[in-house]
1. Please compute, for the alpha-carbon atoms of segment 146-217, the extent along each of the three principal axes and give them in descending order in Å.
2. May I ask you to list the residues of segment 120-138 whose amide nitrogen lies under 16 Å from a point 7 Å from Cα along the Cα→beta-carbon direction of Val36?
3. Would you calculate the separation in nanometres between label points at Asn214 and Lys174, each defined as 7 Å from the Cα along the Cα-to-beta-carbon direction?
4. Could you check the spin-label model distance between Asn23 and Val137? Points 7 Å from the Cα along Cα→Cβ, value in nm.
5. Please list, in order, the residues from segment 165-181 whose amide nitrogen is less than 11 Å from a point placed 7 Å along the Cα→Cβ vector of Leu150.
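Derivation of every value follows stated rules applied to the coordinates shown; laboratory data play no part. Small disclaimer: the values here were computed from a predicted structure and weren't measured. Heads up, the Cβs are rebuilt from the backbone with ideal geometry, glycines too, and the neighbour counts pull from every protein chain shown.
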Amino acid sequence: MNNLSDIIKSKFIEEFTAISVGNLVTTLILSFLLGVFVVVVYRLTYSGVSFSRGFALSLVMLSMVTSLAILTVRSNVVLSLGMVGALSIVRFRTAIKDPMDTVFMFWSIVAGIITGAGYVTVAILATLLLGVLFLVVNLLGGKLQGSTYLVVIRYGEEAEGAVRGRLNNLGKYKIRSRNMNEAETELVVEARLNQKAMDYLGALLDVEDVSDVNIISYNGSTLL
């Protein structure tokens, strides 16, 4: 029994000391740079109302911490089992408001895993390629479809036809609400608009009996 215990201890020490300082520093620096790249892509494609600096920093830390964990346990069975046991009792209760935030968290973790596993070339190329492709898709999607907005129009009865005509010329839109009183109607519409379409709707102010046109950025599109 003592011999088996000594073998396990000596094996543990050998594998732990096999991690050189240079390898450790290189792994952490690379995972840091990849995490920063993920944050840059996240910032460029973020479409929410309030950008969270804390969440952006957490993406960098996720990449670094994950790479450090994988670097430590990748060749050590004892540490691997200990890590699995420790993570099994951890519970994360922070609510993720946007599904894309979960994607970026997973991307950051995967980049850290690949880096910590020693596949440096794969980590760099995969992260850069994913980022470039995501930027291209996001850019093309924005140009083709436009951003989603809520359009609030207040008008009198005589302007009903003009308002309906302008909205129909936009193509696809969805009426979110319609509030009416004796004096005027308030119509709230969800639509994808580019700059030309916004100017087109803004020109409704020149129509008689249209009192107000508000265009509000909206991050909860139900249009497909």
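1. Its Cα atoms span 35, 23, 18 Å along the three principal axes.
2. Inside the label zone: 124, 128.
3. 2.1 nm
4. My value for the distance between the label points is 3.5 nm.
5. Those under the cut-off are 176-177.
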